[in-house]
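Just below is one structure, and these are the notes that go with it.
The values are calculated or read from the model by the stated rules, or taken from the named source; none is laboratory data. What you see is a predicted model, and the numbers here were worked out from it, not measured in a lab. Here the Cβ is made from the backbone with ideal geometry for all residues, glycine too, and neighbour counts use every protein chain on show.
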Protein chains: 2
Amino acid sequence: MSHILNFNPGPAILPKEVLLEAQNDLLDYAGTGISVLESSHRSPEFVAIQEEAETNLRALLAIPDSYAVLFLQGGASQQFALAPMNLLHDGQTADYTNSGAWAKKAIAEAKRIGNVNVIADTNEDRPTRVPDPGELDPTPGAAYLHITCNETISGAQWKTFPNPEAPLVADMSSEILSRKIDIDRFGLIYAGAQKNLGPSGLTVVIVRKDLAENAPADIPAIFRYQAHIDAGSMFNTPPCFGVYLLMLVTRWVEQRGGLAARQRINEEKAARLYCAIDATGFYRGTAHIAHRSTMNVTFNLSTEELEEQFASEAAAAGLKGLKGHRSVGGLRASIYNAFPLEGVDALVSFMQDFERRNG
Amino acid sequence: MSHILNFNPGPAILPKEVLLEAQNDLLDYAGTGISVLESSHRSPEFVAIQEEAETNLRALLAIPDSYAVLFLQGGASQQFALAPMNLLHDGQTADYTNSGAWAKKAIAEAKRIGNVNVIADTNEDRPTRVPDPGELDPTPGAAYLHITCNETISGAQWKTFPNPEAPLVADMSSEILSRKIDIDRFGLIYAGAQKNLGPSGLTVVIVRKDLAENAPADIPAIFRYQAHIDAGSMFNTPPCFGVYLLMLVTRWVEQRGGLAARQRINEEKAARLYCAIDATGFYRGTAHIAHRSTMNVTFNLSTEELEEQFASEAAAAGLKGLKGHRSVGGLRASIYNAFPLEGVDALVSFMQDFERRNG
């Protein structure tokens, strides 16, 4: 099994050390004789897990006290609704940027809740790209500006974040913890855990406390960020095992040099892969060179048949999950935090060999 | 560690065999070289897991094709909002029964969404109890009648379900799969998994398809049962590891005689424990004898100090999680499906010994 390289876009590869520790703990956490899966969320053991998870995240991302960190459920897809429910008041407009499939879903959901102004749309652009901050024409008095930091499907990523007057709201699912960011620029960050943080079923929300506090009064309690802040993410039973894995993953990141080291390695991984793509005309990157994702490297071959052959031969060689999203086809190598540099080198070798045989 | 008896109210004990299998699979599921925690939810492996989970649940509960089975997130607390959002139309009224702490939360959330009529209220009754079906005076034309099948905190349980004209909506979190039920009587059943089904972070919804179909058009897509039905519980990334554990748990129940066997054993466990409680005046059951829960056995001692002493001496002897909910105090033994009969006998022995020493 050690020869398997997991390029899945999410749920995605987890650090081997984390899986081994979770396996070791699975029937007996910290000598309690009880699994984390069976522990009360009010037990001292689990409370300590959740506290460390938050502490680690705060340290890694340098999150100030003026922000709350929440461990919720429902994925980024639920945040597509919760962000406007909490931050978009009657009579206000929320600005959105349409940079691809995920931004589009966020926009569709927000439109069911309030007034939405799409102030930039690169969804149809080829090569795929996200808007440049300079292209944006924000609505005066907008409640917030929403961006999708990294489009997991198209492989386009914001390299420079906009700096609007309104709070910046960001879906950071497929890139959180992959690079250093300046939290102060954001009003709300949300991320499904299943790429860089842990397993599916856990959502991390980082929200400026003053924004959460001022949410409209008439939304159901379970959807109010403030209710979860007041209850320390125990308004209802948290997804405990996910929080536990996030604790282990953030510990793993910290022990290996934090975000500075992660960013350096992620840039190196992406550079080697894009370099292989650009080496000849055989492979073609699908994202605009200025917006190429460090997390999801998307590329094409000359025909769908060849792409199909590439994905299946790669899988047979132990390089799994390289097929592009079914909505766009092509090929995609998801190389999140836990994906090793040597794995990228193995893919590059496979690509060169495949080209020799089919070029 | 084998001497630990886990009486936690939820997250709660899981079958040892399930934990061992999950531990064995944790780094390599079914020879894929990838953990279930890292598998794409679209992978053939995970699709097969989710299919078996649904098949097992349908078989155990005899769920007809006219009902959808959904694997969602957010816990029962989120269903407190989703039930009225999907089933309570403008101008309609939903009937609720207030049988305790959980019913009260469901009612509070529903009131934020639509018209609610509380047609029976036993919340303040002592001994604690749920309403009798005969006590109910349903609202003509009500959208549905909501009940909390088992009040985890007070330890009161519906033994006979009402049979109203309106669809019956049931929070079955702390008793699902504990006894045979007649699905046809229900319009909607929901349950957080963390008692009888698996870990926290997974919610099972069983909904009559015609009810889901007719939900109001203006609710966000993520909150529409129909959206999740259309997508086969993959409208967004499911809580994959929870679904996997539910598959193992339902397999475990099936292999041990299904719900008939579970019901017999659960009744035997509860009978032995209530018998010990009733043996002398030293322990006093808190629930009305006609409504005593088979899942959460609640009792008192003469003073809080004695209860405190009982819980801490029990914990020291390996009987963990016996403290009552912090809102009501007292003692509570949660004896869900996975809790063994011998564990109940061990508690009975401890109770007898404790009484000898302190009676």
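Being away from chain A (no Cβ under 14 Å), of a type outside the set (A, V, I, L, M) and crowded, with 23+ Cβ neighbours inside 10 Å is a description that does not apply to B:Ser200.
If you scan the stretch A:218-275, which residues turn out to be assigned to a helix (DSSP H, G or I), closer than 17 Å to A:Val69 by Cα and touching a strand residue (DSSP E or B) at 6+ places or on another chain (Cβ under 6 Å)? Across the stretch A:218-275, the qualifying residues are A:Tyr225, A:His228, A:Ile229, A:Val243.
Scanning the stretch A:133-189 for residues that are buried (at least 22 other Cβ atoms within 10 Å of the Cβ) and either among the hydroxyl-bearing types (Ser, Thr, Tyr) or at positive phi (or both) yields a count of 9. Taken over the stretch A:98-134, the criterion of being touching a helix residue (DSSP H, G or I) at 6+ places or on another chain (Cβ under 7 Å) and either in a strand (DSSP E or B) or in contact (Cβ under 8 Å) with a residue 40 or more places away in the chain (or both) is satisfied by A:Asn98, A:Ala106, A:Val116, A:Val118, A:Ala120, A:Arg129, A:Val130. Among the residues of the stretch A:171-204, those identified as under 12 Å from the mean Cα position of the chain (by Cα) and part of a strand (DSSP E or B) are A:Asp171, A:Ile189, A:Tyr190, A:Ala191, A:Gly192, A:Thr203, A:Val204.
Any idea which residue in the stretch A:297-330 is nearest to B:Ser40 (Cα to Cα), counting only those that are buried (at least 18 other Cβ atoms within 10 Å of the Cβ) and more than 24 Å from the chain's Cα centre (by Cα)? Filtering first and then ranking leaves A:Ala314.
For the stretch A:71-86, state whether one or more residues are assigned by TED's automatic domain parsing to the domain that holds A:Gln157, crowded, with 17+ Cβ neighbours inside 10 Å, within 30 Å of B:Ile13 (Cβ to Cβ) and touching a His at 6+ places or on another chain (Cβ under 8 Å). Looking for residues that are assigned by TED's automatic domain parsing to the domain that holds A:Gln157, crowded, with 17+ Cβ neighbours inside 10 Å, within 30 Å of B:Ile13 (Cβ to Cβ) and touching a His at 6+ places or on another chain (Cβ under 8 Å), one finds at least one in the stretch A:71-86, hence yes.
State yes or no: is B:Glu304 free of Cβ contacts under 8 Å to residues at least 60 places away in the same chain and out of contact with any strand residue (DSSP E or B) (no Cβ under 7 Å at 6 or more places or on another chain)? The answer is yes for B:Glu304. In summary, A:Gly134 fulfils each of the numbered conditions (1) at pLDDT below 95; (2) closer than 19 Å to A:Asp210 by Cβ with the single exception of condition (2).
Scanning the stretch A:227-259 for residues being more than 7 Å from chain B (Cβ to nearest Cβ), touching a residue at least 60 places away in the same chain (Cβ under 8 Å) and either of a type in the set (S, T, N, Q) or touching a Cys at 6+ places or on another chain (Cβ under 7 Å) (or both) gives a total of 2.
Of all residues in the stretch B:135-146, those satisfying the criterion of being assigned to a loop (DSSP other than H, G, I, E, B) and of a type in the set (A, V, I, L, M, F, W, C) are B:Leu136, B:Ala142, B:Ala143. Taken together, the residues in the stretch B:320-359 that are of a type outside the set (S, T, N, Q), closer than 14 Å to B:Ala12 by Cβ and in a loop (DSSP other than H, G, I, E, B) amount to 8.
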